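Colleague: I am attaching a structure below and will ask some questions about it afterwards.
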Amino acid sequence: MGMKTGWLGMAMLLGVLAGCGDGDTSGDAAGKVVDARFLADNAAWREERKSQLLAPDGWTSLVGLHWIELKSHFIGSGPASGIKLVVGPPKMGMVAQQEGRIFFTPERGVELTLNGEPLKGRIELQSDRDATPGVIGFDEGKGALSVIERGGRHALRVKHADAESRTRFVGLDYWPLQEAWRLEGRYVPHPPGKTLTIVDVIGVANESPNPGAVEFERDGKTFRLEALGSPEGPLFFVFADRTSGHGSYPAGRFLDAEPPRDGKVVLDFNRAYNPPCAFTPYATCPLPPAENRLDLLVDAGEKAYAKPIKVL
């Protein structure tokens, strides 16, 4: 009975959505189905976007970013810790760096895990640049500590399921869906091995693979976005536009696209989304390169996040 009711509800939803499309279907049944699918697909995408943000280890769970400056640091939430965590055991252990490698020695008697398995002794902690990053779990799995590497420096990234940015999440706000913002562009491949300099919010510059660019038309003008990623895989864009700081997140937004097909790439700006830095001060987000600062009002996709009011 539940399955039958679910399918009936979906059919009613699609029927309603079909009459709400931006395009003029003029009674064309096929056109109405396309409109309904567009709306339903984007609604599903938005729900998945929210679920990923609110996962126990999602971006809204970040509670700390601590740079490893000395040869060794004691870490924990207690006053004697060199790196003081806002959550977790008072004494968690000691982190040390040696010739670019990071090691962790747990405090005796503290229950910790490494990638889900009990952690009992000293280990080398792989960073997010390694094939298998190490994640130390604490607080019965609600907390997670890992190492990130940025510009040759290492930092401890701390997440916790009880982070205020997660538990007091106020929701996402979007411009109304518009099929007119789902654009087909021309893919312009670059020579193999080309990179693009991307600077992040902490000032570190990285050379990112730049397989090509996408040219698209809007309001009678041609615009161009440089893509990041591999030549065979999905494309990723970091861009700013005339809504940046005027409705959308000031530091720009992200956009994903499927790999080129027959020299074409679909850019659905309804799915432009905020970087993690919109939700937490502990992320290291890439900034839009000069090439991707559009003189265009992209009033589609995710708006600036309205952070919760602080409780005094």
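The values are calculated or read from the model by the stated rules, or taken from the named source; none is laboratory data. Small disclaimer: the values here were computed from a predicted structure and weren't measured. All Cβ positions, even for glycine, are placed from backbone atoms using ideal geometry, and neighbour counts span all protein chains on display. In case anyone asks, the SASA skips ligands and DNA or RNA and just uses the protein heavy atoms, side chains included. Shrake-Rupley method; radii C 1.70, N 1.55, O 1.52, S 1.80 Å.
Colleague: Collect the residues in the range 143-163 that are closer than 17 Å to Gly88 by Cβ, touching a Lys or Arg at 6+ places or on another chain (Cβ under 9 Å) and either part of a loop (DSSP other than H, G, I, E, B) or of a type in the set (Asp, Glu) (or both), keeping them in residue-number order.
Modeller: Answer for the range 143-163, where residues must be closer than 17 Å to Gly88 by Cβ, touching a Lys or Arg at 6+ places or on another chain (Cβ under 9 Å) and either part of a loop (DSSP other than H, G, I, E, B) or of a type in the set (Asp, Glu) (or both): Ala161, Asp162.
Colleague: On to the next question. Could you tell me whether the range 182-190 includes any residue that is at pLDDT 95 or above, surrounded by fewer than 16 Cβ atoms within 10 Å (Cβ to Cβ), assigned to a strand (DSSP E or B) and under 19 Å from the mean Cα position of the chain (by Cα)?
Modeller: No - not one qualifying residue is present in the range 182-190.
Colleague: Another question, then. For Cys277, which of the numbered conditions (1) touching a residue at least 60 places away in the same chain (Cβ under 8 Å); (2) more than 17 Å from the chain's Cα centre (by Cα); (3) not in a strand (DSSP E or B) fails to hold?
Modeller: The single condition Cys277 does not satisfy is (2).
Colleague: Within the range 43-91, how many residues turn out to be in a loop (DSSP other than H, G, I, E, B) and more than 26 Å from Gly151 (Cα to Cα)?
Modeller: 12
Colleague: Got a number for residues in the range 196-220 being more than 18 Å from Arg153 (Cβ to Cβ), open to solvent by less than 30 Å² (accessible area, probe 1.4 Å) and not in a strand (DSSP E or B)?
Modeller: 2
Colleague: Here is a follow-up. Mind checking which residues of the range 238-268 are outside any loop (DSSP other than H, G, I, E, B) and open to solvent by 40 Å² or more (accessible area, probe 1.4 Å)? Steps first, please.
Modeller: If we filter the range 238-268 for residues that are outside any loop (DSSP other than H, G, I, E, B), which is where we start, we get 238-240, 244, 248, 253-257, 261, 264-268.
Selection gives Asp256, Arg261, Lys264, Val266.
Colleague: Just to be sure I understand the filter: pairs with C-beta atoms under 7 Å, separated by 6 or more residues or on different chains, first member in the range 177-204 and over 23 Å from Pro250 (Cβ atoms) and touching a residue at least 40 places away in the same chain (Cβ under 8 Å), second member in a loop (DSSP other than H, G, I, E, B) and open to solvent by less than 70 Å² (accessible area, probe 1.4 Å). Which pairs pass?
Modeller: Every condition considered, the pairs that remain are Glu179/Gly21; Glu179/Gly23; Arg186/Gly263; Tyr187/Pro260; Tyr187/Gly263; Pro189/Pro211.
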